[in-house]
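Worksheet for the structure shown next.
The values are calculated or read from the model by the stated rules, or taken from the named source; none is laboratory data. Just so we're clear, the structure is a prediction, and the values are computed from it rather than from any experiment. Using ideal geometry, Cβ is built from the backbone for each residue, glycine included, and neighbour counts are taken over all protein chains shown.
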Amino acid sequence: MSEPGADHCTLASALEFTQQLGEIWSRQIGSGLCGIYRIGSLAHGGFNGRYSDIDVAVIVDEPLAPDELDLMHAGARELSTALATKLSIFWADRSFRAGRFPPLDRMDYLDHAAPIIERERIRPKRPSLESIRDYLRGQPLANWTGQVHHFTAQSVLGPDEHKPYLRSLLYPARFLYSWDTGAMASNDDAVAFVRTAGVEGLDIELITRALQFRQESRDLDALFSDRMKLAGQLSACTHVIKAQSGEV
């Protein structure tokens, strides 16, 4: 396949890349493969060639060994070094007891997975809303909090920081959508949700502008002065958590 730029690709190239990956991985894994799927924005919509990851789910009979995962990543790099940097592999055995498949991504698989190769559709138990909220208030919230502190302390947006900064701006919408519904959706749907949710203290205009920049694949320099608003966005989301937990 043709080699796109390191920062941009088209939807067509991402679809071709994942289709070819599915065929390569199917041969590598062999009879132990249950299915390979597109998830994330390639499945539920809103894929952006500059800012989206390429999320692929792999379901197998038995847990994958580290050398098998290394071989899968090597196959991706052979296809496209640029697109391989965007690739995120989610995987699980048929019991979903082993692998890398957080609860929210499991919901995305259940609701939106688009088969590349499917020999048997494995349907794990649907995570409860409570388990999704427990997950969200853990590492995802900690990661976002770290981003808020990082960007608030920065005086210049580095050339490699546009994608993580955009995610930090859009994360309140994604967080609140998943917190309320227990599901995962596109950035567009998440922003549409918070525009009507009436969350106290949330700067909807900033989130809407960030979505527009994403849709237009623009640099984030013009939004960098708004980094000081991130602390307020974080506070609005933590207030929702506390309210749901009976702490306020």
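Every listed requirement among (1) assigned by TED's automatic domain parsing to the domain that holds Arg77; (2) in a helix (DSSP H, G or I); (3) buried (at least 19 other Cβ atoms within 10 Å of the Cβ); (4) not polar (S, T, N, Q) is met by Leu110 save one, (3).
Yes or no: the stretch 158-179 includes at least one residue that is at positive phi and out of contact with any Gly (no Cβ under 9 Å at 6 or more places or on another chain). No. The residue list Leu71, Leu83, Leu87, Leu79 contains one member that is modelled with pLDDT of 95 or more and surrounded by fewer than 17 Cβ atoms within 10 Å (Cβ to Cβ), which is Leu71.
Within the stretch 17-26, the set of residues being among the small types (Gly, Ala, Ser) and either over 21 Å from the mean Cα position of the chain (by Cα) or not assigned by TED's automatic domain parsing to the domain that holds His112 (or both) comprises just one member, Ser26. Among residues of the stretch 27-44 being surrounded by 17 or more Cβ atoms within 10 Å (Cβ to Cβ) and over 19 Å from the mean Cα position of the chain (by Cα), the one that is farthest from Glu120 (Cα to Cα) is Ile29. Those residues that are surrounded by 15 or more Cβ atoms within 10 Å (Cβ to Cβ) and hydroxyl-bearing (Ser, Thr, Tyr), I need them from the stretch 209-237; list them, please. None - no residue of the stretch 209-237 is surrounded by 15 or more Cβ atoms within 10 Å (Cβ to Cβ) and hydroxyl-bearing (Ser, Thr, Tyr), so the list stays empty.
Among Ala82, Ala76, which is the only one that is in contact with a Gly (Cβ under 8 Å, 6 or more places away or on another chain), in a helix (DSSP H, G or I) and assigned by TED's automatic domain parsing to the domain that holds Leu15? Explain how you work it out, then say what you get.
Values: Ala76 fails: in contact with a Gly (Cβ under 8 Å, 6 or more places away or on another chain).
Testing whether each residue is in contact with a Gly (Cβ under 8 Å, 6 or more places away or on another chain), in a helix (DSSP H, G or I) and assigned by TED's automatic domain parsing to the domain that holds Leu15 leaves just Ala82.
Looking at Phe47, is it under 17 Å from the mean Cα position of the chain (by Cα), outside the structural domain of Arg167 (by TED's automatic domain parsing) and surrounded by fewer than 22 Cβ atoms within 10 Å (Cβ to Cβ)? Quick ask: steps written out before the conclusion?
Details: under 17 Å from the mean Cα position of the chain (by Cα): yes; outside the structural domain of Arg167 (by TED's automatic domain parsing): yes; surrounded by fewer than 22 Cβ atoms within 10 Å (Cβ to Cβ): yes.
For Phe47, the condition - under 17 Å from the mean Cα position of the chain (by Cα), outside the structural domain of Arg167 (by TED's automatic domain parsing) and surrounded by fewer than 22 Cβ atoms within 10 Å (Cβ to Cβ) - is met.
Every residue, every condition in (1) of a type in the set (Val, Ile, Thr); (2) assigned to a loop (DSSP other than H, G, I, E, B); (3) within 22 Å of the chain's Cα centre (by Cα); (4) assigned by TED's automatic domain parsing to the domain that holds Pro159, yes or no:
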residue	(1), (2), (3), (4)
Ala173	no, no, yes, yes
Tyr177	no, no, yes, yes
Asp188	no, no, yes, yes
Thr196	yes, no, no, yes
Glu205	no, no, no, yes
Arg214	no, no, yes, yes
Asp226	no, no, no, yes
Lys229	no, no, no, yes
Gln233	no, no, yes, yes
